Structure formats: C-alpha cells, structure tokens
1. Rounded to two decimal places and with Rh computed the Kirkwood way over Cα pairs, what is Rg over Rh for region 116-237?
2. Please give the FRET efficiency for Ser365 paired with Asp59, using the beta carbon to beta carbon distance and R0 = 51 Å, rounded to the nearest 0.05.
3. Net charge near Pro331: determine it from the other residues with C-beta under 11 Å of the C-beta of Pro331, scoring Lys and Arg +1 and Asp and Glu -1.
4. Any idea what the dipole of region 1-130 comes to, in debye rounded to 20, about its Cα centre with Lys/Arg Cβ at +1 and Asp/Glu Cβ at -1?
5. In a solvent-free Debye calculation with one equal scatterer on each Cα, what is log10 I(q)/I(0) for the chain at q = 0.07, 0.10, 0.11 Å⁻¹, listed in the order of the q values?
6. Taking all protein chains as present, what is the carbon and sulfur share of the accessible area of the chain, in % to the nearest whole number, probe 1.4 Å?
7. Within 10 Å, count the other beta carbons around each residue, average over each peptide in 246-254, 168-176, and list them highest first.
8. Can you list the residues of region 218-248 with backbone N under 20 Å from a point 7 Å past the Cα of Ala192, pointing along Cα to Cβ?
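The values are calculated or read from the model by the stated rules, or taken from the named source; none is laboratory data. Everything numeric in this text was worked out from a predicted model, so none of it was measured. Neighbour counts are summed over all protein chains in view; Cβ atoms, including those assigned to glycine, are modelled from backbone coordinates with ideal geometry. The protein model used for the area step is the full one, side chains on, heavy atoms only, and it has no ligands, DNA or RNA in it. Shrake-Rupley method; radii C 1.70, N 1.55, O 1.52, S 1.80 Å.
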Amino acid sequence: MDFSRRWSTAAPGVIPLTIADMDFAPDPAIVTALQERLRHPLVYPQPYSTSGVAQDIGDYYRRTHRVDVPVERIRIFASTAAAMYVIFDRVLEAGDEVLYFAPSYHHLPDSVTAAGGRAVPVELHPSEGFDPEKLRSRIGPRTKAVLICNPHNPTGHQFSREQLRDLVAVAAEHDLLIVANELHSRLSHDGAFVPLSSVEGVSHDRLITLSGATKSHNLSGLGGAFAFSLGETLIPRLWAELAGRLPSPGALAQTALSCAYREDSPWLRTTLDVLGGNRRMVSRQFRENLPAVRFLEPAATYFAWLDFSALRLEGDAAEVVQDACRVALLPGAEFGAPAAFARMTFASTPDTLQLALTRLIEGLSPWHS
C-alpha cells in the first residue's frame, strides 16, 4: 500500500496498526462526485456559503440531531487539528489554562501550549467518564476553556448526555469557552452520538464545535473540516480575527465534504458493520487469549486502548510488541500516557486484523503463558 503513510513507512514484514485511517476504498458516491467535479476547471471554488457545502452540513445536523445550524454560523477549512491551534492562538493569553481529558492525542494539549497556554489534564475513565468534582478542582484563576474530544481519542469513550450536562454546568459556573472536537462523531457503535450543541443549558456563545468527514469517510489525504457555533457572536468575532489564517479547503475537498453530509451513506453503514465486527474480534481475542492485557471495548471510533501493565514488559510496550510480534502500535507517549499503554487501530480488513491478533497472541506468549 504505497499510497498509505501508515503502510509505506512500516518496517518490512510489520503490520502497522498505528495512524488513524482506514484500509478501505472510499465511498463510491464521493468518488463519483469527485470525478464529476474534475470535468470542470479547478479554479478557485465558489464560496462555501453559497455553493451548498454549508447548507448540506446544516441539513445533516437538523436531520440527524435536530440541531438548527444556520449556514452563516458555519465555517469551512482544511483540518480540525489546524483549527484548534489557530483558535487557541487567538483566544488565549500567555499563561491561560485549558482543561482537557487525558489520555489524549498530543495535538489537543499541544494546540494549547503552542499558544503559550497551559494544558491541564483531567483524568478520563473509559468505563465511567469523568468526575465533575475533579473537573471543578482543576479550575484556577487562569482557566479559560475546556477542550473535549468526543468520541474520545484514544479510548473510544463516547460521552453520554448526562456527562455532557455535567460538563456544561461546570463550564457555565466559571464562564468557560468549550471547544468540542467531534471529528469521530459518525463512528459510533453503541447508541446514538450526542453533539454538545444539542445539550440542554449549553451557552451557545461559549461553544464552538469542530468536525468533518476525514475520519468517518477515510478522507485524511484530501482534507476538509468545519466549525460552527449556534451563538450569534462567537463565529463572526472569532473568524474576523482568523481571517487568512485558516484557508478554505480546495474544490475537491469541498465536493467530498458536501457529498459526505448530503445524504445517508450506504458505504458508511457497511463500513460501520465491518468496524463493529473488527471490534468484536479484538474483544474476543484479547478476552480469550490475552486476558492480562486490559482493554475496554470502545463505544465509538476504531481504536483499542491497550494497557500492558500486567505483563510487566521491559521498556516501551509498543516497542516490545513490534520486536516480538511484528505488529506496530502507537506508543502511549503520543497520548501523554505511561509506556505500558499503546493504541491499536483496528480499521483494517478482517483478514489483516486476524493475522495481527495471531501475531500478538503468539509473540506475547512468553509474558502471558
């Protein structure tokens, strides 16, 4: 798979279950839309506010979540990661603090520290969520915002409506901005995803939502993301300050984004069925053959957050696994976690995943037998 960074950079003979993308061909509907777009000049595209892209996103939220997102409150750009960096660069002053749920993919806290702020971790338990009192205890005089990744990377935790209400209540008490990264929201396995914008009592002038189709529709190589706020002031004020710092995606990315949100996708339903089967396979194999490796079945995403502590491996778990099993995992250090943790991406074909699991079972036998 020379087209894939994950596969092309892996050591020879190693199965890479690292980077957050899928080994599946794209949605045929998106391919068709892109082919049609390529029949026309690739000039500067029509403004997304009038091209239909923003309308398709707004219609999706009304249809799926009963959230009314006006077109004028939506902004389109290249990536959610870039948006986090730029947003915090504009809203934070040096020394300001932002709470985030740990473990967390490094781009979240890094987007805060890059702006001169201090990222303050709040422990997240995948089986329970977070403790609102612990969240309150982390708030200080310089706390300005809460950054939430929901569904959560790397644990696959999906915040319930009750948990989101607790978060909203704490943020309201202290007048905190909430930045909600909901990039994996269409990769839910257990129950319906609850967007923060739909939660009762949320202050819409203190909430900005980031999302896109790069994860759900495997479009990381194309890009395309969006932000919205239901408040009247936040998006106009913030984007006036961000003018030119977050360029819009090109014509092809906008075409793909529009297609991904315009209608229900049979491809996505099929892909979720495959991911659900993979999730069950991973759970069964770890439960039956690697019970010492702690793993909680994710409610969403295609990540397995693995704790190798009980095996007492010497050194970094991901390094030991690659050497002993010829399977590459993403080290816990990428998420601010101890060396005994690693994230496994299970968005591969069932045959590839089964081979990787067999290698894990056999390679780790000296530690778990």
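1. Radius of gyration over Kirkwood radius for region 116-237 works out to 0.95.
2. With a Förster radius of 51 Å, E is 0.45.
3. Here the charged neighbours net out to -2.
4. Numbers: 11 positive and 16 negative charges, 81 e Å.
Here the size comes out at about 380 debye.
5. -0.31, -0.64, -0.78
6. Its accessible area is 51 percent carbon and sulfur atoms.
7. In decreasing order of mean packing, 246-254, 168-176 become 246-254, 168-176.
8. Of the residues in region 218-248, 230 have backbone N under 20 Å from the label point off Ala192.
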